[in-house]
């Protein structure tokens, strides 16, 4: 056996010593070939939000790799090893100053968009509710009503609800304030706007808002727990069998987007959280308005009477959008901004659109503020029924007449 082993060892040829220089030359050549593959994805890929930044980061990561990594990769290919553990892509961390600059740039983008929109034929101009000289008459009348009554808390409670309030002053100190000056807060004029929320309903909203603020809730939390409840109390009176059989309604519409046919190129892609809209099926004065709208929207983009293609809003005209904003300061949210409800209006003056802002109409941080918000929403509903809807119906009739005349010719 030993002789056989010795004989076999003598017959084995000496192993060839690898030529390190030639191997290194081979690796270097293959390394160059591998680096050519490290190119960024094409710019037209949908998942790339910022192709330029992606390309820069990718190239930086590629140049940061040593040649040995590429060489190792080519060596594995040469020896048929296809089970190499993948390595994570290298990323470049922004410096503190660069990160701060990006944040500031994003924060100023609305102002940049507004500046760009001023270059179009129909310009956008910012106004303030304190400037009453150039304010249209209808908006001026609404402002005077809000300033003289609502913003002071005057006539924010219906007189018919007074007996209920007389029994609940122990719920919260704010109810004691209301009853101490009942003639100031209660009125029959307020009853004409709609139902006044009960003290229990107001306390529920107050406690929900405090809970959202205390837990630093995001916009979705404020929307579901606070704002939806306020809108329900103001615009959706619970009546079995008739709760939704009303002309003016509201709905959540956070997925509704603006159609490109109505959007300026420089305008940002904005969405709103709620909208107050009209249901023509419950207009007892004009029962045929729904048919006129259907005939008209057959000629409009996406068959929608509105500026959005949202399925639920194709045939129900929009009246008032509602957007939720929660501001951040440092690590926490600005609770005052989350509690506050602000009124913004837009009017047309020639080829110029004037945006009037901001008028605070109430806050969910106190009981009186909650009743102010509810009364304000009901004032807006009254404006929609008495002013906006008659104007819009006349516009729809004219458009329907023009379309019919065009078809006949």
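Each reported figure results from applying straightforward, stated rules to the coordinates on display, with no laboratory input. These numbers come from a predicted model, not from an experiment. A quick note on method: Cβ atoms are made from the backbone with ideal geometry, for glycine too, and the neighbour counts reach across all protein chains shown.
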(request) At 7 Å along the Cα-to-beta-carbon direction for both residue 323 and residue 173, put a label point, then send me their distance in nm to one decimal. (result) 3.7
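What is the projected area of the convex hull of the Cα atoms of segment 341-409, averaged over all directions, in nm²? Before the final figure, lay out the partial values.
Values: hull surface 26.0 nm².
Mean projected area for segment 341-409: 6.5 nm², to one decimal.
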(message) Can you compute the FRET efficiency between residue 182 and residue 148 using 1/(1 + (r/R0)^6), with r the Cβ-Cβ distance and R0 = 25 Å? Round to the nearest 0.05.
(response) 0.85
(message) Please state the shape class of segment 176-335: rounded when a/c is under 1.5, otherwise prolate if a/b exceeds b/c and oblate if not, all from the C-alpha gyration tensor.
(response) oblate
(message) At q = 0.19, 0.21, 0.24, 0.35 Å⁻¹, what log₁₀ I(q)/I(0) does segment 230-271 have when each alpha carbon counts as one equal point scatterer in the Debye sum?
(response) -0.69, -0.74, -0.83, -1.23
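Between residue 215 and residue 254, what is the FRET efficiency for a Förster distance of 25 Å, r being their Cβ-Cβ separation, to the nearest 0.05?
So the FRET efficiency works out to roughly 0.75.
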(request) Express in nm, to one decimal, how much length is gained between residue 402 and residue 112 on full extension, taking 0.36 nm for each residue of separation and deducting their alpha carbon distance. (result) 100.5 nm
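On alpha-carbon atoms, Rg over Rh for segment 123-408 using Kirkwood Rh?
Rounded to two decimals, Rg over Rh is 0.98.
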